[in-house]
């Protein structure tokens, strides 16, 4: 099991991005590959900065990101700003 912490910038308001991230379509896509969203929030200092935390099988979250960059970009995620930190429980 791996916990992945994502930080990135948005090109749209947080509420607009969160509505897409929290949608049934995204939840189904995550569930299909065993990813559970633990947290997503916006920076108190900068409303264009986001942190999201997910848990799932090792490497799956990053692969899903790589395979779906254009869709993710379309939701307002600035791909080039993404910082990924992965943590293992073993």
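A few remarks follow.
- Any chance residue 84 is closer than 14 Å to residue 3 by Cα and either assigned to a helix (DSSP H, G or I) or touching a helix residue (DSSP H, G or I) at 6+ places or on another chain (Cβ under 7 Å) (or both): yes
- Within region 15-52, the set of residues being within 21 Å of residue 90 (Cβ to Cβ) and surrounded by 17 or more Cβ atoms within 10 Å (Cβ to Cβ) comprises just one member, 35.
- Of the residues making up region 27-56, not one is in a loop (DSSP other than H, G, I, E, B) and modelled with pLDDT under 95.
- Scanning region 35-61 for residues that are closer than 19 Å to residue 85 by Cβ, over 14 Å from the mean Cα position of the chain (by Cα) and in contact (Cβ under 8 Å) with a residue 24 or more places away in the chain gives 57, 58.
- Yes/no for residue 12 being assigned to a strand (DSSP E or B) and modelled with pLDDT of 95 or more: no
The values are calculated or read from the model by the stated rules, or taken from the named source; none is laboratory data. Just so you know, these numbers come straight off a predicted model, no measurement behind them. Heads up, the Cβs are rebuilt from the backbone with ideal geometry, glycines too, and the neighbour counts pull from every protein chain shown.
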